[in-house]
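Working notes, beginning with the structure itself.
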Amino acid sequence: MKYMIDTNAFDYFIENAIRIQDIQSKGELYTSNVQFSELSNNPNDEHREKALALYEELDTTKLQLESGLWLDNIRWDDDQIWHDSVGEGFESALGNSRGHYDAMIGELVLNHNLILVTNDRKFTRIMARNEATIITVEEFLNL
C-alpha cells in the first residue's frame, strides 16, 4: 500500500518513540515539500531537529505538486505578500489558518491515489468528502 504521511504523524511518531523500522515496514511512504516546510517552521528547536531527522531517516518518496504552487525545495514563507492572497483563499475554503498546507497535501493524495495518514479530524472530513482513503496514525501503526 502507498501512504501519504501528514505532518502531524511526525509529531505522533516522535512523542510516542515509534521506531523507524516500524513505520517503514507498513508500505510505500510518501511526503512532499509541504511536510518538510511545516516541520522546518516549527518554533521549538529541539522538536524541529527531531522531526527533520525523522523526515530524512524515513527516506520517503518526495512528491512535487502538480498545481505549481511549490517549486523544488523552496519553503513557504509566511511573510511573503503572495502568501496573503493565496493562503487566504485556502484558509477561507477550509476554515483554518493552516488550510493551504492541507489543500496541497490533499492534492497529492488524490492525484496519486494514496492513503492519507493523519490525526487531523477536520482534514479527514474534508478528504472523505473528496473520496480519499484516510486512516489515523494509530490505525497505520497497527497494520
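For THR61, the residues whose modelled amide H falls within less than 5 Å of its own, excluding neighbours fewer than 5 places apart on the same chain, are LEU29, TYR30, THR31. Just to be sure I understand the model, the point goes 7 Å from the Cα along the line to the Cβ. What's the resulting LYS62 to GLU139 distance in nm? Taking the simple label geometry, LYS62 and GLU139 are separated by 2.9 nm. Which lysines, on any chain, are close to LYS2 with Cα under 16 Å apart, when same-chain ones fewer than 8 places away are left out? Result set, ordered by chain and number: LYS26, LYS62. In plain terms, the residue of THR60, THR31 with the fewest other Cβ atoms within 10 Å comes first and the most crowded comes last, giving THR60, THR31.
Karplus-derived 3J(HN,Hα) values for region 130-143, using 6.51 cos²θ - 1.76 cosθ + 1.60 with θ = phi - 60°, are 9, 6, 8, 9, 10, 9, 6, 4, 4, 4, 4, 5, 8, 5 Hz; glycine and proline are entered as x.
For region 1-66, state what percent of all Cα-Cα pairs lands in each successive 10 Å bin, counting from 0 Å until the bin that includes the largest distance. Per 10 Å bin, starting at zero, the Cα-Cα P(r) for region 1-66 comes out as 20, 59, 20, 1 percent.
Annotation for region 117-143 versus region 16-51: alpha-carbon center distance of 17 Å.
Bear in mind that the values in this text are calculations on the coordinates, not laboratory data. Bear in mind that the values here come from a model prediction, so they are computed numbers and not experimental data. Note that we place each Cβ from the backbone using ideal geometry, even for glycine, and neighbour counts take in every protein chain shown.
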